[in-house]
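Peer 1: Right, I'll just put the structure down here and ask away after.
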Amino acid sequence: MSAPEHLLLVEHDVEGHATGWVDADPQSSQLRVTDVAATRGDGVFETISIGSGHPQALDAHLERFARSARMLDLPEPDPSLWADAVRALAELLADHEEAWVKTVLTRGVEGQSMPTGWAYGTVSGDFRRERTEGIDVVLLDRGLRSDAAATSPWLLAGAKSLSYAVNRAAVREAARRGADDALFVSSDGLLLEGPTSTLVLRRGAELLTPPTDLGILPGTTQVDLFAAAPDWGLQGRVATLRPADLEEADAAWLVSSVRHAAPVRSVDGAERSIDSELSAAMNGFLRRRLR
Ligand code: PLP
């Protein structure tokens, strides 16, 4: 049996304002072949986890959606309309413990000034192995300096744009090297983020994550984990990190909305210890979030 899936098309006027949304069939074609989402990857997206019908970190996701749209000079997405669309899909997926909704806003059909928008929801895959046994990670040079976001904003470092071909290529390169995932490093040697995740380290009683001004996404999962950290006797802190910090850390995770916290069990083939107890606490917390 195929997984349940649902689609809402978010309609816009020529001024770029969202006017409402309508149900659509996710199994039939909806996108014009001249939509710049398809031809140029020119748009933005978010992937929001749904826990038993509750969208998680929805406000943070919609804020980041708007931030990415601003970075691409797209019209500001209407937060209440998109929130309603996500909640409507979440309700349809309420029978499932873990699901996700992807929101997409593109510049629209080439030559027209009307954005294309949609929200699509379905059930999540099974990430139990990644969350408990951990993942093998390789460090990949992103080829950009850590100040690229400031010196070259047109590179859109830190925007969640639809141009994720580079991120997918990094995951394939990781697979070629026998690993599950990648962790980007700036050309001047700072740890950045995974292709679809944020890095979190534990050093003693501190949780550490790299600063977003390095041209990385502000992770919604990381923010929620840092807010919960005191419950585990920990304190969250943003810090500039290098590969040596990862090597010396007591534990490391790649965290993201749908996979949640995946402990890193090796880096470039070198095994490292994982913190199973804290991983279980983090994943339990992330799964149970009601908002
Ligand atoms: N960094 C990148 C490049 C991502 O694509 C993602 C999520 O897909 C993240 C970080 C983690 O963000 P979040 O925790 O909000 O899912």
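Peer 1: Please give the contour-minus-distance gain from V123 to A244: 0.36 nm per residue of separation, less the Cα-Cα distance, rounded to one decimal in nm.
Peer 2: 39.8 nm
Peer 1: Give the range of the longest stretch in the chain that excludes all GluC sites (Glu not before Pro) found in loop regions by DSSP and having at most 14 other beta-carbon atoms within 10 Å. Walk me through the intermediate numbers first.
Peer 2: Values: sites that count: E15, E97, E110.
The longest uninterrupted stretch comes out as 111-291.
Peer 1: In sequence order, what are the phi-derived ³J(HN,Hα) couplings for the stretch 36-45 according to the Karplus relation 6.51 cos²θ - 1.76 cosθ + 1.60 with θ = phi - 60°, rounded to whole Hz, with x for glycine and proline?
Peer 2: Once rounded to whole Hz, the list reads 5, 4, 7, 8, 9, x, 9, x, 10, 8.
Peer 1: A further question follows. Helix 58-71 versus the longest principal axis of the chain: what angle, 0 to 90°, nearest 10, using Cα atoms?
Peer 2: 80 degrees
Peer 1: For a quick check of understanding: with a 1.4 angstrom probe and all protein chains in place, what accessible area in square angstrom does S256 have, to the nearest ten?
Peer 2: Its accessible surface works out to 20 Å², give or take rounding.
Peer 1: Assuming R0 = 25 Å, can you tell me the calculated FRET efficiency for the pair D95 and S28, based on Cβ-Cβ distance, to the nearest 0.05? Let's see the in-between values first.
Peer 2: Numbers: r = 24 Å, r/R0 = 0.96.
Taking R0 as 25 Å, the efficiency between D95 and S28 is 0.55.
Peer 1: Related question: If you plug each phi of the stretch 18-25 into the Karplus form 6.51 cos²θ - 1.76 cosθ + 1.60 with θ = phi - 60°, what whole-Hz ³J(HN,Hα) values come out, in order, with x for Gly and Pro?
Peer 2: Values, residue by residue: 6, 10, x, 9, 10, 5, 9, 8 Hz.
Peer 1: If you don't mind, another one. Describe numerically, in nm with one decimal, the distance between label points set 7 Å from Cα along Cα→Cβ at R67 and at R291.
Peer 2: 2.0 nm
Peer 1: Could I ask something else about it? Just the number please: accessible area per residue for the stretch 128-288, 1.4 Å probe, all protein chains included, in Å².
Peer 2: Values: 7110 Å² over 161 residues.
Here the per-residue accessible area is 44 Å².
Peer 1: Right, here's the next one. Provide the per-residue ³J(HN,Hα) series for the stretch 257-262, in order, calculated from phi with Karplus coefficients 6.51, -1.76, 1.60 and θ = phi - 60°, each as a whole number of Hz, with x at glycine and proline positions.
Peer 2: For the stretch 257-262, the Karplus-derived couplings read 4, 9, 6, 6, 9, 9 Hz, x marking Gly and Pro.
Peer 1: For helix 276-288, what angle does its Cα long axis make with the longest principal axis of the chain, in degrees from 0 to 90 and rounded to 10?
Peer 2: For helix 276-288, the angle is close to 20 degrees.
Peer 1: Measure of size requested: the Rg and Dmax of the chain, with Cα atoms as the atom set and Å as the unit; please supply both.
Peer 2: Expressed in Å, the Cα Rg and Dmax of the chain come to 19.0, 55.
Peer 1: Taking 0.36 nm per residue of separation and subtracting the Cα-Cα distance, what length does fully extending S113 through E5 add?
Peer 2: Extra length available between S113 and E5 comes to 36.0 nm.
Peer 1: Pulled fully out, how much extra length does the chain show between E133 and R237, if you take 0.36 nm times their separation in residues and subtract their Cα-Cα distance?
Peer 2: Working: separation 104, 0.36 × 104 = 37.44 nm, distance 2.58 nm.
Fully extending the segment from E133 to R237 adds 34.9 nm.
Peer 1: Using amide H atoms built in the peptide plane, which far-off residues or other-chain residues are under 5 Å from G194 H to H?
Peer 2: Close amide H contacts, sequence-distant or interchain: F184, L199.
The values are calculated or read from the model by the stated rules, or taken from the named source; none is laboratory data. All figures in this text were calculated on a predicted structure; none of them were measured in a lab. Cβ: placed from backbone, ideal geometry, glycine included. Neighbour counts: every protein chain shown. For the accessible areas, the whole protein counts, side chains as well, though only heavy atoms, and no ligand, DNA or RNA atoms are used. Shrake-Rupley method; radii C 1.70, N 1.55, O 1.52, S 1.80 Å.
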